[in-house]
Amino acid sequence: AGNLYVAVKAFDSEMDRLKATVRERDGDVFSDDVVELFFDPACTGFSMVQLAFNPLGTQADLSGDAVGMSPAWNGLWTVRTARAGDHWSAEVAIPFANFGLSRSVGSEWALNVCRQRRASGELSCWSPTSGRFATPAAFGRATIAADLTPFYVDLGVQSWGEGIVGENTLQFAVRNTAGSPRSLTATLEVAAPDGHTVRSAPVSLKVA
């Protein structure tokens, strides 16, 4: 139960006009038909995480606030899409660890589900935002029926080393917001451009 699951069915009477061309992660999926998910777990009305995908399942994600969003942020989440005669659909799995949760986050989250249909230029939202999707103050509220306490830990990278080929040292800081000591295990996985991955040995951590 470490994931938040979202299922979307986007009905379309003109499936032959569906636009889905972008295949690169964090590419311009917003030029295609696209569904966008917005989350403000602490109900701040300001900060948010945005996940977007087109009918090919190509992903884009951003993190920020009502002033501006950073495309440099990359979450760990998966999406699977499918097409039928009168709709396209998606199933999304989002680990709770993506959201940087703390004790200020309760079971009620502010969130929104939005869609852009390229054939007509139509914009639609579960909770209306008056045209601009990234408006957290206008998000709807939903109850998240899950125990979130295991995710009250923040891990922030302080240094990536030199960032060049050769030996590099990663430094990170762990912050425990659960209110009680925690024992954790951290594993670093590095993926090369050719798809080859290297995984470190597990490191045991104790945080107060």
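The values are calculated or read from the model by the stated rules, or taken from the named source; none is laboratory data. This is a predicted model, so every value here is computed, not measured. In this analysis, Cβ positions are derived from the backbone assuming ideal geometry, glycine residues included, and neighbour counts consider all displayed protein chains. Surface areas here come from the heavy atoms of the whole protein model, side chains and all, with no ligands, DNA or RNA. Shrake-Rupley method; radii C 1.70, N 1.55, O 1.52, S 1.80 Å.
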Rounded if a/c is under 1.5, else prolate if a/b is larger than b/c, else oblate: which is segment 124-176, with a ≥ b ≥ c the root eigenvalues of its Cα gyration tensor?
-> oblate
Which far-off residues, 5 or more places away or on another chain, put their amide H under 5 Å from the one on GLY140, with H placed in the peptide plane?
-> LEU111, SER127
With every protein chain left in place, what is the accessible area per residue of segment 52-115 in square angstrom, probe 1.4 Å?
-> 43
Would you give the gap between the C-alpha center of segment 7-34 and the C-alpha center of segment 52-92, rounded to a whole Å?
-> 10
May I ask you to order 34-43, 124-133 by the average number of other C-beta atoms within 10 Å around their residues, highest value first?
-> 34-43, 124-133
Dipole magnitude of the chain about its Cα centre, charges +1 at Lys/Arg Cβ and -1 at Asp/Glu Cβ only, in debye to the nearest 20?
-> 440
Where labels lie 7 Å past Cα in the beta-carbon direction, separation of SER13 and THR143 in nm | 3.7
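What's the extension gain from ARG175 to SER89 if we count 0.36 nm per residue and subtract their Cα-Cα distance? Working shown, then result.
Numbers: separation 86, 0.36 × 86 = 30.96 nm, distance 3.75 nm.
Net length gain for the segment: 27.2 nm.
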Tell me, what % of the accessible area of segment 58-105 is carbon and sulfur with a 1.4 angstrom probe?
-> 51
Go through 49-56, 18-25 and give me the packing order, highest mean Cβ count within 10 Å leading.
-> 49-56, 18-25
Per residue, how much accessible area does segment 1-43 have with a 1.4 Å probe, in Å²?
-> 53
